[in-house]
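The structure appears right after this line, and notes come after that.
Values quoted throughout were computed directly from the atomic coordinates according to the rules given, and no laboratory measurement underlies them. Everything quoted here is computed from the prediction, not taken from an experiment. Cβ sites come from the backbone with ideal geometry, for glycine too, and all protein chains shown count toward neighbours.
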Number of protein chains: 2
Amino acid sequence: MKKTYLILLILLILSFVLIFLATSSVQANEPLPSWNEGKARQAIIHFVEEVTKQGGANYVPASERIATFDNDGTLWVEYPMYTQVLFAFERVKKLAPQHPEWKTEQPFKALLAGDMKTVGASGMKGLMKIILATHSGMTATEFADEVGKWLRTTKHPKFKHPYIDVIYQPQIELLEYLRANEFKTYIVSGGGIAFMRPVTEQAYGIPPEQVIGSSVVTKFQIKNGKPELIRMPKVNFVNDKAGKPVGIYEHIGRRPILAFGNADADMQMIEYTKGGDGLRLGLFVHHTDAQREFAYDRKSHVGTLDKALDQADKNDWIIVDMKKDWKVIFPFEMK
Amino acid sequence: MKKTYLILLILLILSFVLIFLATSSVQANEPLPSWNEGKARQAIIHFVEEVTKQGGANYVPASERIATFDNDGTLWVEYPMYTQVLFAFERVKKLAPQHPEWKTEQPFKALLAGDMKTVGASGMKGLMKIILATHSGMTATEFADEVGKWLRTTKHPKFKHPYIDVIYQPQIELLEYLRANEFKTYIVSGGGIAFMRPVTEQAYGIPPEQVIGSSVVTKFQIKNGKPELIRMPKVNFVNDKAGKPVGIYEHIGRRPILAFGNADADMQMIEYTKGGDGLRLGLFVHHTDAQREFAYDRKSHVGTLDKALDQADKNDWIIVDMKKDWKVIFPFEMK
């Protein structure tokens with residue numbers, strides 16, 4: 001009997017050794033391989049090591065390790081135009097036969113005629129008309145199917161890959177690194193919540209329930225005997241600028257400890273994140289690489305990064321310089 | 001060298017045996033010990049076994065195993081009055097010195113005078129005035145602290161235990177059983193999202209980000225140099241009746257496969273859940289136990305269960321009879 005216990009004990013100890021060896025070999029792989037050594041990479045690794053160090057002054061329990069990421073320009077490409085806007089434009093053309101009134105109604109008329117100057121002049125109000133008209137009038141399931149198909153098949157004009165693949169490899173590695181350290185990773189985007197969810201799991205490993213975004217009003221109704229959610233042509237919530245902390249409160253109910261954006265519209269999310277107690281990390285992608293991606297900031301028509309650049313040092317925000325900090329931009333460069 | 005491999009192989013096999021033995025001993029514990037054998041318990045266990053049976057006709061991948069539970073009357077006691085309403089009433093008394101106008105303004109005047117008949121006659125409109133006045137005007141953090149303290153210290157008039165403990169033991173076991181089978185468990189309540197979140201992790205093992213409820217408008221602002229969310233006296237969303245599927249879509253973005261309620265106000269959530277493809281389960285708690293808890297249904301002023309009782313058979317909804325189906329009602333009975 002005594003011998004059996006001894007054998008079991010030895011087996012147990014050896015099991016632990018095996019597990020330890022397996023774990024070490026994983027740890028031996030350096031995290032964030034597509035990030036160049038520099039201030040940004042160091043700040044991230046230092047932060048993660050600090051908040052996960054049990055018994056350390058900056059330790060944060062796993063349940064409170066919430067990290068929030070903007071999407072357009074932070075996780076996927078937003079230049080020369082937000083992907084969702086391009087989707088809406090294409091849908092206007094597709095839906096035009098069912099909308100004879102668009103032949104005379106602006107900005108639809110201009111868009112159908114390819115007169116982008118008039119579309120641009122219609123401003124935010126015109127754009128919202130286009131978004132609402134193309135994002136409503138169907139069930140939630142129908143919209144998700146449509147969007148998913150579009151993002152998997154439509155190619156970015158510069159990179160010639162489907163939009164779902166035109167995402168930043170260093171950020172994919174960062175999301176994985178955070179999750180390996182028991183962070184819960186969220187998207188907090190000004191873009192449509194229903195426009196991102198059909199692909200976030202495949203693209204980023206982020207499930208739909210961890211995606212926060214702008215939304216239209218939806219109504220529950222029985223349609224053809226089936227209980228369905230119908231998307232209405234009315235704005236429900238704009239998850240941008242000061243709306244981002246509000247969306248985080250509503251969806252998560254905890255203050256993030258890490259937030260990553262790329263534009264002035266992400267400042268409030270990062271202020272809110274850094275406003276909590278203890279160690280916090282706030283970062284911005286700076287698009288500085290005209291050759292491998294795009295170079296734009298203060299005067300850009302998308303992802304304007306101006307005030308945040310001026311206030312970064314004072315607020316201890318990390319500016320990630322795409323050209324200097326990222327070895328690789330897209331996953332398809334690695335194949 | 002060959003010998004080393006052999007030893008390692010043996011060790012590995014034995015490790016698996018050890019792990020298997022450890023796992024089996026867990027599985028040997030029968031699930032749902034506080035549920036009496038009967039139609040409801042059988043339906044739950046059959047459902048969970050079916051959707052987790054790899055390769056089976058009804059298999060559902062873990063990521064889609066979403067279960068949603070109403071809170072008032074489904075997870076915690078709602079009788080003789082919703083806990084949140086009692087909290088609001090007590091807060092009116094506490095805040096009265098700062099609100100001299102309440103001396104003349106209804107329904108505050110009546111409430112402060114203990115004239116509950118007049119308060120009741122003020123209806124939903126009067127109640128909303130009381131809720132909004134007592135749930136706003138502070139930061140999100142201040143409100144959470146206040147609510148958490150109140151729910152941990154204020155005792156239920158009949159059971160003489162703090163509200164946080166007056167929860168249903170069979171449901172706690174069901175939540176744990178579902179999570180052990182890789183379900184994600186959510187609360188989807190008509191009650192305030194911010195009123196439940198401070199205690200759901202402790203009470204039910206459900207983190208704040210898996211709580212969906214009604215909400216007030218919140219505004220992001222810098223208060224005393226600190227970025228904060230301020231709660232406003234304005235309704236943002238009513239997560240009740242047809243609002244429940246809408247709240248689920250907004251927060252989760254997937255259709256649940258199991259939903260559990262206790263009132264007609266949960267019918268839409270359960271219709272939405274059962275409206276998806278494949279095997280689905282919808283359940284209602286029927287409060288039938290006047291002695292151990294309360295007995296109420298069709299004509300009750302809280303948790304009215306009327307139409308759902310009539311339509312249960314036709315829709316294959318499971319009615320859980322508290323008196324017959326539950327061996328134990330509250331966790332404190334087991335100590």
(message) For A:N29, project a label point 7 Å along Cα to C-beta. Then give me every residue of region A:53-71 with its amide nitrogen under 11 Å of that point.
(response) none
(request) For region B:176-303, calculate the relative contact order in percent as a whole number, restricting contacts to Cα pairs under 8 Å that are 6 or more residues apart. (result) 16 percent
(request) Note down the net charge around B:F332, summing +1 for each Lys or Arg and -1 for each Asp or Glu among other residues with Cβ under 11 Å from its Cβ. (result) 0
(request) Two decimals is fine: what is log10 I(q)/I(0) at q = 0.15, 0.20, 0.29 Å⁻¹ for region B:56-101, from a Debye sum with one equal scatterer on every Cα and no solvent? (result) -0.63, -0.77, -1.01
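What's the extension gain from B:K160 to B:H301 if we count 0.36 nm per residue and subtract their Cα-Cα distance?
Taking 0.36 nm per residue and subtracting the Cα distance, the gain is 48.5 nm.
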(request) With only Lys, Arg, Asp and Glu charged, each at its Cβ (+1 for the first two, -1 for the last two), find how big the charge dipole of region B:172-273 is about the Cα centre; round to the nearest 20 debye. (result) 560 debye
(request) Report the local net charge at B:Q84: Lys and Arg +1, Asp and Glu -1, summed over other residues whose C-beta lies under 10 Å from its C-beta. (result) -2
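Treating the beta-carbon of each Lys and Arg as +1 and of each Asp and Glu as -1, no other charges, what is the dipole magnitude of the protein assembly as shown about its Cα centre, to the nearest 20 debye?
380 debye
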(request) Return the lysines within reach of A:K94: Cα separation strictly under 19 angstrom, same-chain partners fewer than 8 residues apart disregarded; answer none if there are no such residues. (result) A:K103, A:K109, A:K129, A:K149, A:K155
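For chain B, what is the convex hull (Cα atoms) projected area averaged across all directions, in square nanometres?
Taking a quarter of the hull surface, the average projection is 23.3 nm².
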(message) Please check: in the Gaussian network model of chain B (C-alpha springs, under 10 Å), which one of B:D313, B:D321, B:D240 has the largest mean-square fluctuation.
(response) B:D313
(request) For peptide A:244-251, compute the average count of partner chain beta-carbon atoms within 10 Å of each residue's beta-carbon. (result) 6
(request) State, to one decimal in nm and shortest first, how far the label point of A:A295 sits from each corresponding label point in the other identical copies (label point: 7 angstrom along Cα-to-Cβ). (result) 8.1
(message) Just want the answer: with Cβ charges of +1 for Lys and Arg and -1 for Asp and Glu, which residue in B:W326, B:F284, B:S215 is farthest toward the dipole's positive end in region B:192-335?
(response) B:S215
(request) Quick one: dipole size for region A:29-99, taken about the Cα centre, charges +1 on Lys/Arg Cβ and -1 on Asp/Glu Cβ, in debye to the nearest 20. (result) 300 debye
(message) Could you tell me the calculated FRET efficiency between A:T141 and B:I7, based on Cβ-Cβ distance and R0 = 56 angstrom, to the nearest 0.05?
(response) 0.50
(request) Towards the positive end of the charge dipole of the protein assembly as shown, with charges on Cβ (+1 Lys, Arg; -1 Asp, Glu), say which of B:A110, B:I13, B:G38 has the farthest Cα. (result) B:A110
(request) Quick one: compute the contact order of region A:221-279, relative version, from alpha carbon pairs under 8 angstrom and 6+ residues apart, as a percent. (result) 28 percent
(request) Compute the Rg to Rh ratio over the protein assembly as shown from the alpha carbon atoms, using the Kirkwood formula for Rh, and round to two decimal places. (result) 0.99
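How many partner chain Cβ atoms sit within 10 Å of a residue's Cβ in peptide B:198-207, on average, as a whole number?
1
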(request) In nm to one decimal, list the spacings between the B:A43 label point and its equivalents in the other copies, with label points set 7 Å along Cα to Cβ, shortest first. (result) 5.5
(request) Grab the other residues whose beta carbon is less than 10 angstrom from that of A:F260, score K and R as +1, D and E as -1, and report the net. (result) -2
(request) May I ask you to list the aspartates and glutamates whose Cα is less than 13 Å away from that of A:K299, ignoring any residue fewer than eight positions away on the same chain? (result) A:D264
(request) Report the relative contact order of chain B, percent, no decimals, based on alpha-carbon pairs under 8 angstrom and at least 6 residues apart. (result) 21 percent
(request) Partner chain Cβ atoms within 10 Å, averaged over the residues of A:136-146 - can you pull that number for me? (result) 1
(request) Would you work out if region B:235-335 is rounded, prolate or oblate? Take a ≥ b ≥ c from the square roots of the eigenvalues of the alpha-carbon gyration tensor; rounded if a/c is under 1.5, else prolate when a/b is larger than b/c, oblate otherwise. (result) prolate
(request) Would you work out which of A:Y163, A:N181, A:G205 lies farthest towards the positive end of the dipole of region A:151-216, given +1 charges on the beta-carbon of Lys and Arg and -1 on that of Asp and Glu, about the Cα centre? (result) A:Y163
(request) May I ask you to report, in nm to one decimal and beginning with the shortest, the distances from A:M116 to the same position in the other copies, taking label points 7 Å along Cα-to-Cβ? (result) 6.7
(message) If I stretch the segment between A:M232 and A:Q42 completely, what's the gain in nm (0.36 nm per residue apart, minus their alpha carbon distance), one decimal?
(response) 63.8 nm
(request) Could you pull out every one of the lysines with an alpha carbon less than 16 Å from that of B:K219, ignoring same-chain neighbours closer than 8 positions? (result) A:K241, A:K244, B:K234
(request) Could you calculate, for region B:60-196, the ratio of the Cα radius of gyration to the Kirkwood radius, expressed as Rg to Rh? (result) 1.05
